[in-house]
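K.L.:
Here it is: the structure, laid out below.
Derivation of every value follows stated rules applied to the coordinates shown; laboratory data play no part. Every value quoted in this text rests on a predicted model; they were computed, and no experiment measured them. Positions of Cβ are backbone-derived with ideal geometry, glycine not excepted, and every protein chain shown enters the neighbour counts.
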């Protein structure tokens, strides 16, 4: 059986030391993201014609600098954001208030609602022949980068989006990679995807 795309989904916590749940770390500028691989994002294999999608996890990196905002209790979350969603409460940035698998800090960076389980950045994709398509719901005030790799070591920036509240659709066709690190001599080949949401 041939193998199609391998999607690697994980979540990452920005600039928090000593947290690594098996996904390893990734440097983004001066920040280190510690990826966790876990059941909130796990999916199984699925057959598409003669190909098999080996879906695992798409890695999502959350990067940004909350320190530029007023943060009286120095927990990494801006006071205005905390008061909007949790008035009068002392908030743990690493807790998951709505139980959706995304920490309060990740929700702040992604611009999602930390009190609504359905509001989260957890993209999924579909595979049709050589084309991989992944819708990304954007939020105004955030930027999005889609990275691709074949070896989980050398990542290539494939697409950037400016968040405006609309859904962007990332499309990747492996047969259009004539040369470079994403070129494959045989098709289908295995690719890994990473989405970086950036709070400017």
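K.L.:
Kindly put 109, 146, 169 in sequence by how many other C-beta atoms sit within 10 Å of each C-beta, fewest to most.
P.N.:
169, 146, 109
K.L.:
A further question on this structure: Give me the number: length gained by fully extending residue 154 to residue 86, i.e. 0.36 nm times residue separation minus the C-alpha to C-alpha distance, one decimal in nm.
P.N.:
20.5 nm
K.L.:
Same structure, new question: For residue 133, put the label point 7 Å out on the Cα→Cβ axis and report which residues of segment 147-177 keep their amide N under 13 Å from it.
P.N.:
168-173
K.L.:
Something else: For q = 0.13, 0.21, 0.24 Å⁻¹, what log10 I(q)/I(0) does segment 96-191 give under the Debye formula with an equal point scatterer on each alpha carbon and no solvent?
P.N.:
Values returned for q = 0.13, 0.21, 0.24 Å⁻¹ are -0.56, -1.07, -1.21.
K.L.:
Still on this model: Order the peptides 175-188, 154-167 from the highest to the lowest mean number of other Cβ atoms within 10 Å of their residues.
P.N.:
Values: 175-188: 11.6, 154-167: 13.8.
Going by the mean number of other Cβ atoms within 10 Å, highest first, we get 154-167, 175-188.
K.L.:
Okay, moving on. Rounded to the nearest Å, what's the spacing between the alpha carbon centres of segment 85-150 and segment 154-184? Just the number, please.
P.N.:
Measuring centre to centre over Cα atoms gives 19 Å.
K.L.:
If only Cα atoms are counted, what is the Rg of segment 56-151, and what is its Dmax, in Å?
P.N.:
Calculated on Cα positions, Rg and Dmax stand at 15.5, 52 Å.
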